[in-house]
Each structure stands twice: as C-alpha cells, then as structure tokens.
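The values are calculated or read from the model by the stated rules, or taken from the named source; none is laboratory data. Being a predicted model, the structure only gives us computed values, none of them experimental. Positions of Cβ are generated from backbone atoms using ideal geometry, with glycine treated the same way; all protein chains shown enter the neighbour counts. These accessible areas exclude ligands, DNA and RNA; they are computed on the full protein's heavy atoms, side chains included. Shrake-Rupley method; radii C 1.70, N 1.55, O 1.52, S 1.80 Å.
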Amino acid sequence: MDSKIEKFPRGTLRQGGMAVGISTYLLAKLVAMLGGHGTTSSPLADLVLALTLQQGDPSGDCRRALKHFPYPAIAEMVIDAFYIPLGNPEGLSVRAVPMFSLDPSRLSIALIICANFAFVWLAKEGHQHEICTNFMVKVGEGGPLPYALMGAVLGGVGSVTVGAGIPFGIPDMLMDIVMGREVRYSVPIYNGEPYEIRFDPKSFFGKKLPSDLRIPNFVPIVSSRLALDVLMKRVPKSSINGIVVERNVAAGHNAPPRTPSVDSSGVRCRVYGERDEPDLERIADLGIPFWVGGGYASERGIEDALSAGGTGIQVGTAFALADESGMNPEVRKNALAIISKGEEQVSTRHDYSPTFFPFKIFRMKGTSSEPDVHNARVRVCDKGALRYPYMRSDGTIGYRCPAEPVEHYV
Ligand SMILES: Cc1cc2nc3c(=O)[nH]c(=O)nc-3n(C[C@H](O)[C@H](O)[C@H](O)COP(=O)(O)O)c2cc1C
C-alpha cells in the first residue's frame, strides 16, 4: 500500500467497496487504522462466508466473529450448514449456497445477516475507528438489502455507501432496523407490480434487538447529474450524510454514457462527454460532504477534490492491487507487473458485462479480458446475483438471469 496515504488527514480518503470479495475485512481494517474510511463489501458476502466455512475457515476468523453474533442459535445454524473442518475428517459433503429469491429460506436469511455481521465485526476488531459497508441496489434487485443491512447494523457498521442503482428506501430501512420495527423493501418485478419484502427482525430472531444499535451514516454513490437529481427529489436531504461522486473513469461498472454522438459508420450513439461529468460545483452547493472517485488516487487528486469543495477522494484500483485485497494473487501479481512496465491497457466495454452496464477491462493475456477467451466462455447463472424477478403469463413470479445461456434467457 502507498505509504503516502498516512499523510492524508483522517476522513479524506475512502476505500471503495469492491465486490465480490475484493475489499476484504483485512483491507477495510487497515485503511481504517491508517485514517481512511475502510469499506467491506456486501454483495454476495453470504457466498464468501459460506465458501470460507466450507474451506475450513483456516484463519478461524469467521467462526470467531460468529461467536459474537447476538443470536447464537442463528450463527450455529449457519456454521452447522456450511462449516467443513480442514481436511474434512468427517467426510462432510459441500452444501449448495442458496440463491436469493423473494421467498428466501430461513437459512438463506441467516447466512446473509451473519455474513454482513461477520465482515463488519472483523474489520472493526482491535481498533476504535469506523467501518463502512458498500451495498448495491442492482444485486437481486435489492431483495437481499433488508437482511444485509440488518447484519451490518448488528456488526456496528459506521456508514453505508450504496451504488449500482438509486438507493431509495435505505434511510427508512436503517431507521426501522434500529427501532426494531418491521423492515419493508419494494422489489421491482419485470412486467408486474412491485413485490414488498417484509422482514420482522423480532420474530426472525425470537427476541428483541439489542438496545445499543446505531443508525449508520448514509452515503449514496452517484455517477451522473441525472442520478443526483433523482436522488435529491426522492430522498430527504437531511438523511444524506455524504455523497460519493464516481466519475466514469472509475474501475468496475460505470453509469451508461449520455452524451449523443455519431460513430465511424454514421450511426447515432452515446459516448462519455460533458453531460456525464458530475457537476461538482452544484454538489458542493448542497452543503453535504462529498468524496470524488475515478482516477483521483494521487496527491494531485486529493488536492483537486478539496479545491472543488469536496471532503476527499474515493479510491478503488490501487486498493484492489494491495496485498490485503481478496483478488486472486496470481492475477494481482500479473497486473502489477504489467503496470510496472507501463504496458497497461484499460478500456470501457459496453458489451462485456451481463449487467448491461459499461465495464472497465484491464487487458491481461489468457483472461476473459481477451475477446477470444471471453467469447469462448460458457454462459452460466450459478450464483444468482444478477437474477431478476419477472411476472409469468400465469401470474406467478419467475427469475431471469442475463448471464445465463441466451436461449434460456430468451
Ligand atoms: C476490482 C474492483 C471492483 C469494484 N467493485 C465495486 C462494487 O462492487 N461496487 C461499487 O460500488 N464500486 C466498485 N468498484 C469501484 C470502486 O469502489 C471505486 O469507486 C473506484 O474504483 C474508484 O476509481 P479508481 O479505481 O480510479 O480509484 C470496484 C473497483 C474495482 C477496482
């Protein structure tokens, strides 16, 4: 990690949440201890916890965290279902991780809550600084959010960042969780009426919630003027504690471009341009603290953000390549070698991610960043994170996944 980070005043640097499993609790903890906002990642945290337990939880961290879960029977249910001791002396078979549905099983809910609790708890262990968790509205069309927020709040999360969609309903859910009330979230159904998820923590846990729960700061992530306008219309300003402004050069997924143009064959298209640049002056006028991300990971970046009236910067790529990131070590090593030779090629592809959103590609030999490898890949939906519910002609709810084979999807 760049030691210059230690020079930044406390709070000026946010480490971006990076799914799946890139922004680990170790990374978040270290960043928090160095004075930044260390961030764990919520999307598919349930899968990460289940797989860690199935691999014997070699560090013992996850089981240690779950010992502190306030409802031991729920934590035991998760451990009994997924933990396989190292070497598997009892010959236990691997249990499938449930895909999220609108009618989740008790085990599925328990796994989501425990995973979000455990990763926040571990990131907070051994110091007094705040930890943030990053959520994505788009994953499961937001269906897992009531349970994921519940787990993070039980773990003592200090703030929540929310991106990949406009985060309506989050401040209300956080308030309901802390007050011990039923939590409701409306999930859009393609071709049908929205479905209201209702989660009553008291009846799920069989006990009242701890009385010392704290409402975390709510920090939405916005990447366009349009998204900011919609957010400010629908969410009271008083419930927004900060804003992360993500420019379209940020790694990961980006908001689609909105500036009209014409491509080389004369076809009308949209490209990134003026319309896609966030209006920092306007954001500064709101009087809400903000951090700017996307190519700002430098001292110059932090100076620019501060002089635009911001509180600081959000950084992803540099942290994804740090020792504490959860990235496959081989891939990370190769990426660093390419960067150290100055040979990196990063492009925005609009046709690569099954989410339909533009996606940053770092070119690396033999990986699906190469079109041949990408095109030869067998399409599959085996995690369920991108599934979205739709209304079938008989009135029942089905699920479609844009990552599954085209003929199944159609
Ligand atoms: C590997 C990787 C995964 C990411 N995943 C997410 C994510 O799941 N959710 C999210 O809101 N942002 C995600 N991001 C974006 C970062 O949180 C951050 O905002 C962005 O990387 C900042 O720009 P920078 O990479 O130029 O520093 C990801 C970034 C990287 C590098």
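Before moving on, here are some points about what is shown:
- Ranking by accessible area, most exposed first, for GLU274, GLU182 with a 1.4 Å probe: GLU274, GLU182
- Per-pair calculated FRET efficiency, R0 = 25 Å: THR348 and TYR409 via Cβ, rounded to 0.05: 0.55
- Surface share of carbon and sulfur [accessible, 1.4 angstrom probe, percent] for the range 64-189: 55 percent
- Partnerless cysteines in the chain, where a partner means another cysteine C-beta under 4.7 angstrom, comprise CYS62, CYS114, CYS132, CYS269.
- For CYS269, the solvent-accessible surface with a 1.4 Å probe is about 40 Å², rounded to the nearest 10.
- What separates the Cα centres of the range 286-317 and the range 95-164 is a distance of 27 Å.
- Cα centroid of the range 22-53 to Cα centroid of the range 213-271, whole Å: 24 Å
- When the Gaussian network model of the chain links Cα atoms closer than 10 Å, the mean-square fluctuations of GLY56, GLY293, GLY35 top out at GLY56.
- Geometric descriptor of the range 269-402, per residue, is 216 Å³ (volume of the convex hull of the Cα atoms).
- Within the accessible area of the range 268-410 (1.4 Å probe), percent carbon and sulfur: 51 percent
- By the compact-protein rule of thumb, 2.2 N^0.38 Å, the alpha-carbon radius of gyration of the chain corresponds to a ratio of 0.98.
- The chain, accessible area per residue, ligands and nucleic acids excluded (1.4 Å, Å²): 49 Å²
- Dipole magnitude of the range 253-360 about its Cα centre (Cβ charges: Lys, Arg +1; Asp, Glu -1), debye to nearest 20: 400 debye
- Accessible-area value, ASP304, 1.4 Å probe, nucleic acids and ligands omitted, Å²: 60 Å²
- The range 91-215: C-alpha gyration tensor shape, a/c 1.5 cut-off, then a/b vs b/c: rounded
- Here the label points at ALA73 and LYS383, each 7 Å from Cα along the C-beta direction, are separated by 3.3 nm in the simple model.
- All Cα pairs of the range 1-117, percent lying beyond 26 Å: 29 percent
- Compared with the rule-of-thumb size 2.2 N^0.38 Å for a compact globular protein, the range 40-92 has a Cα radius of gyration ratio of 1.12.
- Entry note: the range 64-132 has Rg to Rh equal to 1.02, where both radii use alpha-carbon atoms and Rh is the Kirkwood radius.
- Here the range 261-316 is treated with +1 on each Lys and Arg Cβ and -1 on each Asp and Glu Cβ, and its dipole about the Cα centre works out to around 240 debye.
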